Amino acid sequence: MLLAGCSTQQNTALSRRWQSFVTRYNVFYNATVAYQDGEEAQRNGLREDFTRRLPVFEVGYTKQLGLGKTNFERAVTKCEKAIQLHSIKRKPAVKVGSNASPRLKAYLSRKEFNPFLKNAWLLMGKAQFQQGDFLAAASTFAHLTRFYAAEPEVVAEARIWLMRSDVALGWLYDAEDVAQRLARERLPKRLETERDRSMADLLLARNNTAEAIPYLERAARHGKNGFEKARLYYL
C-alpha cells in the first residue's frame, strides 16, 4: 500500500516527497558526479590558444569538444532516466473554487509536480551543452521555458543557457531575443554571474568588446573557482 501511494500515477504529498527524494539521492546524484567529472576533464585537458581571444566558455574550442564527453553523455543518460521514471504529471485531487488564490491556481497550472525534477532537466541541458551538442541543448532549454512557465526561476535559468546555446550555434538574433527577455526579468542573485557570462559571450560574438567588459568584470569577481576567475580576467 505504501509503495502504491508513492507511485508516479498518484499525486499526493507522500508521492511528491518520495519521487523527489529518489530523484535527488539516486539518479540525479550520479548524474551530478558524472557532470563534475566531465568539467574536471575539460579543465585538466584544456590547452588555451593565447594567440587569439579566448572563448568565454571552454567548450568554445572546437578541437577540444571531446574532453569529458563520456562523462557528459553519462550525465545526460542519467537525467533522461530520472525524467522517465520519476515524472509526476497527474494533477493533485484538489477542488478549485471561484475564490481560489492565485498561488493555488499557478501551482495547479504546472505540467510537472515532482518538485526536484526541474534540476534533472536543467542538468541534462547543461551536459548537452558541455559535450558540444548545442542543438540538443537549445532544444532542451527552449522546452523548459514552456514546460516550467509557472516557475519563473526555472525559466530564467533555462533562458540564460538557451542564450549561450544560441550563440554557440551562431544564432545571434535568437540569442539577442532571449537576452531582451532576460533584461525584463528580475533574476535571483545566484543566476547573475551565469547571466553575465552569457551576455559577455553574446556581445563578444557581436564584436561589441566595450559593452562586454562590464559583464566580464562582474563575472570574474564572482567566479566559482580560481580557474574560471583567471580566464575571465584574462579576457
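The values are calculated or read from the model by the stated rules, or taken from the named source; none is laboratory data. This is a predicted model, so every value here is computed, not measured. In this analysis, Cβ positions are derived from the backbone assuming ideal geometry, glycine residues included, and neighbour counts consider all displayed protein chains.
Below are the figures for this structure:
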| quantity | calculated |
| --- | --- |
| 3 or more residues modelled with pLDDT of 90 or more and over 30 Å from Val56 (Cα atoms): qualifying helices (runs of 4 or more DSSP H) within the stretch 77-163 | none |
| Of residues in the stretch 36-76 being within 21 Å of the chain's Cα centre (by Cα) and modelled with pLDDT under 75, the one farthest from Arg197 (Cα to Cα) | Leu65 |
| Residues of the stretch 128-165 that turn out to be under 23 Å from Thr70 (Cα atoms), over 12 Å from the mean Cα position of the chain (by Cα) and not small (Gly, Ala, Ser), as a count | 4 |
| Hits in the stretch 170-179 - residues which are assigned to a helix (DSSP H, G or I) and more than 16 Å from His143 (Cβ to Cβ) | Leu172, Tyr173, Ala175, Glu176, Asp177, Ala179 |
